[in-house]
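As structure tokens, the structure follows; a few thoughts come after it.
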Amino acid sequence: MEIDLGRNVFEANVQLAKKLKAVFDDNGVFVINLMASPGAGKTSFILKTIESLKDDVAIAVIEGDIASAVDAEKVRAAGVPAVQINTGGACHLDGRMIKGALTHLNLDEIDLLIIENVGNLVCPAEFDLGEDIKVVISSISEGDDKPLKYPRIFSEMDALIINKIDLLESSDFNMDDFARSIAGLNPAAGVFEISCKTGQGFDDWIAWLASKLK
């Protein structure tokens, strides 16, 4: 008898993700699974989102990293509860990790939960976490070929954040080529050109997210 361990792992996570989604729904918590490469600006984006919404929305964050608690400490300093998950080498978060992190949060007191996945454009796309939406950040400094190299994560996202738009004029990033790649993979996704540094375009993202929260 042959056992496909990889398939069993994926199927177990699918079932756990469904249970997590039911828990989130029962508690009225809207969940974002935020994915990006290292250095794309995930934590800066989270902090800017917190700054824009914290007066009206109760937010919590789960931070996923291979090691350290640097990002969780930044979120806590912004006045928002944060749980750090250190994977010890795993390149993604999974349902089991999220279930464990939830024991440190009071879901009754949360409207929006942002899960910052491990910096990677491959593995996180394969593991649902019970989220309502998947958001991908791709920065100008990474180049315009990422959708061609990592099509799955871009084809499954609900929203795309093009970050560091303030660097566009000083880079060789081709926005037209990038937009064509996204349109071919996922024409329904919301696309937001922003700069966490200058705040450019951030109001559009916040308005879109607020419409989802309602």
(message) Which of rounded, prolate or oblate describes the stretch 57-102 when judged by the alpha-carbon gyration tensor and an a/c cut-off of 1.5?
(response) oblate
(message) Placing one identical point scatterer on every Cα of the stretch 134-214 and ignoring solvent, what is log10 I(q)/I(0) from the Debye formula at q = 0.11, 0.17, 0.27 Å⁻¹?
(response) -0.27, -0.65, -1.39
(request) Give me the accessible area of C91, 1.4 Å probe, in Å² rounded to the nearest 10. (result) 40
(message) Quick check: at a probe of 1.4 Å, how many percent of the accessible area of the chain sits on carbon and sulfur atoms?
(response) 49
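Leaving ligands and nucleic acids out of the surface, order K74, K197 by accessible area at 1.4 Å, largest first. Kindly include the intermediate steps, with their values, before the conclusion.
Working: K74 100, K197 175 Å².
Reading off the accessible areas and sorting them downward yields K197, K74.
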(message) In whole Å, what are the extents of the chain along the principal axes defined by its C-alpha atoms, from largest to smallest?
(response) 51, 51, 33
(request) Pull out a ≥ b ≥ c, the square roots of the eigenvalues of the alpha-carbon gyration tensor of the stretch 1-114, then state rounded if a/c is under 1.5, prolate if not and a/b is larger than b/c, and oblate in the remaining case. (result) oblate
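For the chain, what is the calculated [θ] at 222 nm in deg cm²/dmol (nearest 500), taking -39500 (n - 2.57) for each run of four or more DSSP H residues and dividing by its residue count? Before the final figure, lay out each step's value.
Details: 8 runs with 82 residues, N = 214.
The helix contribution divided over the chain gives -11500 deg cm²/dmol.
Averaged per residue, what accessible surface does the chain expose to a 1.4 Å probe, in Å²?
On the way: 10340 Å² over 214 residues.
It amounts to 48 Å² per residue over the chain.
Which sequence of H104, H92 reflects their accessible areas, 1.4 Å probe, from the largest down?
Working: H104 135, H92 30 Å².
Putting H104, H92 in descending order of accessible area: H104, H92.
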(request) Kindly flag which residue pairs out of K18/K42; K21/K212; K74/K146; K42/K149 have an alpha-carbon separation exceeding 22 Å in this structure. (result) K18/K42; K74/K146
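The values are calculated or read from the model by the stated rules, or taken from the named source; none is laboratory data. Every value quoted in this text rests on a predicted model; they were computed, and no experiment measured them. These accessible areas exclude ligands, DNA and RNA; they are computed on the full protein's heavy atoms, side chains included. Shrake-Rupley method; radii C 1.70, N 1.55, O 1.52, S 1.80 Å.
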